[in-house]
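Below: one structure, written as structure tokens.
The values are calculated or read from the model by the stated rules, or taken from the named source; none is laboratory data. Computed from a prediction, not measured in an experiment: that's the story for all the values here. Cβ placement follows ideal geometry from the backbone for every residue including glycine, while neighbour counts extend to all protein chains displayed. Accessible surface areas use protein heavy atoms only, side chains included; no ligands, DNA or RNA. Shrake-Rupley method; radii C 1.70, N 1.55, O 1.52, S 1.80 Å.
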Amino acid sequence: MRPWGTIPWSIVVASAVAVLGAIASTPNSNAAMESATSQRMCGTIPGVAVTGPIVMKNTSVPNAQACCYYCWSTQNCSVATLSDGFCLGMSSVTSFVTGVDGAASFSVGGTSHDDVLALASLAAGIIPTPPTWGSATPVCSWKGVTCSQTGMVTDVTLHFDAPLTGTVDLTQLPDNLRQLDLSANNFHGEVDLTLLPSQLTWLDLNGNHFNGTVNLTQLPTTLQYLDLDTNDFSGTVDLAHLPNALNWLDLHHNNFGGTVDLMKLPPKLSYLSLSINGIGGRVVLTQLPSQLQSLDLRSNHFNGTVDLTQLPSQMQLLTLSANDLSGTADLSHLPSTLQFVDLSDNHFCGSMPTNVGCSVIALGSRCQCAGRTVKCPAC
């Protein structure tokens, strides 16, 4: 609701225009206008021109902030577009075009509930524009878009004949989006995961060239599946503040470093892969989630001894190969459900009795298994 109470809209618009003129006449007009519009949260989508039911026209708008402000001051105006000084305000969006030099569109009034505009924001940096996207046909008929029975966009999957490239903005996605799959493309650049839709359950970004750091502490509480594998992400990852609903987390084959805390993982997590990164330090496996079935930590820099006596009772796969683990590990309390454990390419030593068959344990060339005993070089 706009903060004008019951004042007639004719007075509101006139007052807004008067204020706009006063701002424009001051020496710091651009800064003042930007401040005014930022307080009303006008979300900008550069390079995109939109069409829709027009509720406002202005042919002499000095800049993008002014266009957004004019729309905000007009009744029923929720979307604005500016090109060559011509500002149009609309009540909704029916189509859009990306890659328009000098053009910009805006969601006015904070968060936009217009799915077409939200997809325009996602498509703004994608090359080429996904097929059928931006056309005047219903958004639910666009390729890769699935809607609910009420016509709200709930699923976006960008898999086409040829991989897409460019960048993506994940901060203005459709409000009711449940699943987003951008995997196996050639997208690059950084991604912001702190403003995802509140009902999102599935996010797959694997097999791209995304880079920079990722913040995993403000993911939607509903998120169950997160796949960031095979990208160029770097920095450290905070695994202690993931959503409780998370069931699957794949971060393998990136450039993550530092250390990780595996003692505060989500209770429903069943799959975790941190393999092929640069993560180091001690690894604590005594307080893993009870439902964890697969843990892949291979090809990192984990070091020191490791306690394998309190693994989850449902665990089926444990991969610790190609690290710097050492000492004598107690293998006599491994879960009966375990189907494969890989300890190869480490620095284990001594004799290690085990309660599982040798066929379950991969040891590499340093150690051998016979009967129920693993023998490595003396410590």
Q) Calculated from DSSP H runs of 4 or more alone, at -39500 (n - 2.57) each and per residue, what is the 222 nm mean residue ellipticity of the chain, nearest 500? A) -3500 deg cm²/dmol
Q: Compute the signed sum of charges (Lys and Arg +1, Asp and Glu -1) over the other residues within less than 14 Å, Cβ to Cβ, of ALA49.
A: -2
Q. Hey, what angle do you get for helix 9-24 against the long axis of the chain, alpha-carbon based, 0 to 90 degrees rounded to 10?
A. 80
Q. At a Förster distance of 30 Å, what's the computed FRET efficiency of HIS159 paired with ASN211, Cβ-Cβ distance as r, to 0.05?
A. 0.85
Q. Percent relative contact order of the chain, based on C-alpha pairs within less than 8 angstrom and at least six residues apart?
A. 7
Q. Any idea what the dipole of the chain comes to, in debye rounded to 20, about its Cα centre with Lys/Arg Cβ at +1 and Asp/Glu Cβ at -1?
A. 480
(Q) Tell me the per residue accessible area of segment 181-227 using a 1.4 Å probe; a whole number in Å² is fine. (A) 39
Q | Cβ-derived FRET efficiency at R0 35 Å, LEU195 paired with ARG282, nearest 0.05 | A | 0.55
**Q.** Accessible area per residue, Å², segment 247-344 with all protein chains present, probe 1.4 Å
**A.** 38
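Could you rank the peptides 257-263, 354-360, 122-128 by their average count of other C-beta atoms within 10 Å per residue, with the highest value first?
Per-residue Cβ counts within 10 Å, averaged per peptide and sorted highest first, yield 122-128, 257-263, 354-360.
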(Q) What's the ranking of 145-151, 78-84 by average number of surrounding C-beta atoms within 10 Å, highest first? (A) 78-84, 145-151
Q) Using 7 Å Cα-to-Cβ label points, what is the MET152/ILE54 separation (nm, one decimal)? A) 3.2
Q | Label of the coordinate-derived value, log10 I(q)/I(0) by the Debye sum over Cα atoms at q = 0.07, 0.08, 0.09 Å⁻¹, listed as [x] -0.44, -0.55, -0.65; [y] -0.40, -0.51, -0.62; [z] -0.51, -0.59, -0.67 | A | [x]
Q: Enter the Cα centre distance for the pair segment 307-379 and segment 211-239, rounded to the nearest angstrom.
A: 30
**Q.** Surface accessible to a 1.4 Å probe, CYS376 within the full protein complex, Å²
**A.** 20
Q | Accessible surface of the chain [probe 1.4 Å, protein heavy atoms]: carbon and sulfur percent | A | 53
Q | FRET efficiency for SER359 and THR221, using Cβ-Cβ distance with R0 set to 25 Å, rounded to 0.05 | A | 0.05
(Q) As I understand it, the value is the acute angle between the Cα axis of helix 29-39 and the longest principal axis of the Cα atoms of the chain; what does it come to in degrees, rounded to 10? (A) 60
Q. Separation between the THR373 and ASP324 pseudo-spin-labels, each 7 Å from Cα along Cα→Cβ, expressed in nm?
A. 3.2
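Where does the charge balance sit around SER294 when Lys and Arg score +1, Asp and Glu -1, over other residues with C-beta under 15 Å from its C-beta?
Net of charged neighbours comes to -3.
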